[in-house]
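*Asks:* If you scroll down you'll find the structure; I have some questions about it.
The values are calculated or read from the model by the stated rules, or taken from the named source; none is laboratory data. Since the model is a prediction, treat every value here as computed from it, not as a measurement. Here the Cβ is made from the backbone with ideal geometry for all residues, glycine too, and neighbour counts use every protein chain on show.
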């Protein structure tokens, strides 16, 4: 194996005016323990900041957390910004208190997956493993 | 910017294609100034780097930050959190921040960061800042790459015996005692000074700069000290010496990387060789044989 398999890099962020970061930190930690490189960018990010960070970090995934109720605005704004920067290969997933109807709508608008409170952490890890099988870590 | 980010990924994972970058970017004469920051977790390195970036942006210099955090030795996973402290530079096109996991650099972190620095130079960055947590050996690798190494300490890190432990003090060209607004700051500076006075006499005596990074205090003095150290390197001929030594070291590291790749491939492709190795348990002889007989790349 001359080249190490590229580790999956995930930019994790809280977008908008929302200080509830306990959940996102738990998820970040679980992803770390699953062998992913997690770049945590902190609170109160704009969609532009998140996408910019993902581009600089050459991340394959953006994970967003929202508990403010602004998910119908902010999640699609990140997807749009990715389109604008011609980086639609970067996939977006999210978590938060999000009603089922909104989940359907968000997926239609380009968010790949949404995890709601109570989701076992392993489910998120399994989803990523399935999404990036070639980079699966031990 | 994405091209740069991608290229750094290739460098990081030691993709063979980076070897072709050599000719493409060596001709570019621009060599960025490289400053390393290291220190224990929680000393305020990221905040300090953030305030240095602010200072440099005020001087219209472009800055790239390569921030290294440790990976888990068990899963390889990592939480890279240095960007949190540098949020105010988000969206500034003249600031590029890249987080790197310390692991996974088969030939060592220094190899990856050297090549990344060249890329950043080719992309026009004036200054490169390497930030690394001083918990293991990665800070030593970074010190080998940076022109100037800044070691960040804080008051109350422990008694004076902590200060004389090997390693971290010896790599410092400049000391910062951050959080200068905390109690015990004077004592920390005094102990450090005592310790430095006992060191063997050297041409460059590392200055001690007090800072309060969160309030941008002492940052100008710090940058002045970094520039003074650079002038010292130039004037004393040490700069030339260092860059020559680095090229030699780097060549040796690249050679080691090539040899390792070739050996792994040989063992994979040649079952009889592997069988003999496993039967006789002779890694030295096998390695020599592979390097002598296999010439492919």
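*Asks:* Go through (1) more than 10 Å from chain B (Cβ to nearest Cβ); (2) at negative phi; (3) assigned to a loop (DSSP other than H, G, I, E, B) one by one and return the number of the condition residue A:72 breaks.
*Replies:* The one condition residue A:72 does not meet is (3).
*Asks:* Quick test for you: out of B:120, B:56, pick the one residue that is more than 16 Å from residue A:39 (Cα to Cα), within 13 Å of chain A (Cβ to nearest Cβ), modelled with pLDDT of 90 or more and outside any loop (DSSP other than H, G, I, E, B).
*Replies:* After applying the criteria, what remains is B:120.
*Asks:* I've got another one for you. Pick from B:241, B:217: which is assigned by TED's automatic domain parsing to the domain that holds residue B:56 and under 30 Å from residue B:59 (Cβ atoms)?
*Replies:* B:217
*Asks:* Taking residue A:130, is it more than 14 Å from every other protein chain (Cβ to nearest Cβ), at negative phi and either over 16 Å from the mean Cα position of the chain (by Cα) or in contact (Cβ under 8 Å) with a residue 40 or more places away in the chain (or both)?
*Replies:* No.
*Asks:* Has the stretch A:35-47 got any residue that is surrounded by fewer than 20 Cβ atoms within 10 Å (Cβ to Cβ) and either out of contact with any strand residue (DSSP E or B) (no Cβ under 9 Å at 6 or more places or on another chain) or within 14 Å of residue A:115 (Cβ to Cβ) (or both)?
*Replies:* Within the stretch A:35-47, not a single residue is surrounded by fewer than 20 Cβ atoms within 10 Å (Cβ to Cβ) and either out of contact with any strand residue (DSSP E or B) (no Cβ under 9 Å at 6 or more places or on another chain) or within 14 Å of residue A:115 (Cβ to Cβ) (or both).
*Asks:* From the set of residues in the stretch B:153-200 that are under 20 Å from residue B:34 (Cβ atoms) and at pLDDT 90 or above, which is surrounded by the most Cβ atoms within 10 Å (Cβ to Cβ)?
*Replies:* B:176
*Asks:* Looking at A:97, A:66, which is the one that is in contact (Cβ under 8 Å) with a residue 24 or more places away in the chain, surrounded by fewer than 17 Cβ atoms within 10 Å (Cβ to Cβ) and away from chain B (no Cβ under 14 Å)?
*Replies:* A:97
*Asks:* With the checklist (1) within 14 Å of another protein chain (Cβ to nearest Cβ); (2) farther than 19 Å from residue B:96 by Cβ; (3) not in a strand (DSSP E or B) in hand, flag the one item residue A:58 doesn't pass.
*Replies:* It fails just one condition, (2).
*Asks:* With the requirement that a residue be loosely packed, with under 14 Cβ neighbours inside 10 Å and either within 29 Å of residue B:12 (Cα to Cα) or within 13 Å of another protein chain (Cβ to nearest Cβ) (or both), what does the stretch B:265-290 give you?
*Replies:* Within the stretch B:265-290, B:268, B:269, B:283, B:284, B:288 qualify.
*Asks:* Counting only residues that are more than 9 Å from chain B (Cβ to nearest Cβ) and under 11 Å from the mean Cα position of the chain (by Cα), which one in the stretch A:16-35 is modelled with the lowest pLDDT?
*Replies:* Only one residue fits best here, namely A:24.
*Asks:* Filter the stretch B:123-140 down to the residues that are surrounded by fewer than 23 Cβ atoms within 10 Å (Cβ to Cβ) and within 24 Å of residue B:241 (Cβ to Cβ), then identify the one that is modelled with the lowest pLDDT.
*Replies:* Here the answer is B:137.
*Asks:* Please go through the stretch A:48-71 and give me each residue that is within 20 Å of residue A:119 (Cα to Cα) and touching a helix residue (DSSP H, G or I) at 6+ places or on another chain (Cβ under 8 Å), ordered by number.
*Replies:* Listed by number, the residues that qualify are A:61, A:62, A:63, A:64, A:65, A:66, A:67, A:71.
*Asks:* Let me ask something else about it. How many residues does the stretch A:38-53 hold that are outside any loop (DSSP other than H, G, I, E, B) and at pLDDT below 90?
*Replies:* Residues that pass the stated criteria total 1.
*Asks:* Quick check: anything in the stretch A:104-114 touching a helix residue (DSSP H, G or I) at 6+ places or on another chain (Cβ under 9 Å) and assigned to a helix (DSSP H, G or I)?
*Replies:* The answer is yes, given that some residue of the stretch A:104-114 is touching a helix residue (DSSP H, G or I) at 6+ places or on another chain (Cβ under 9 Å) and assigned to a helix (DSSP H, G or I).
*Asks:* Here's something else I'd like to know. Return only the number of the condition from (1) away from chain A (no Cβ under 14 Å); (2) modelled with pLDDT of 90 or more that residue B:21 does not satisfy.
*Replies:* Among (1) away from chain A (no Cβ under 14 Å); (2) modelled with pLDDT of 90 or more, the lone unmet condition for residue B:21 is (2).
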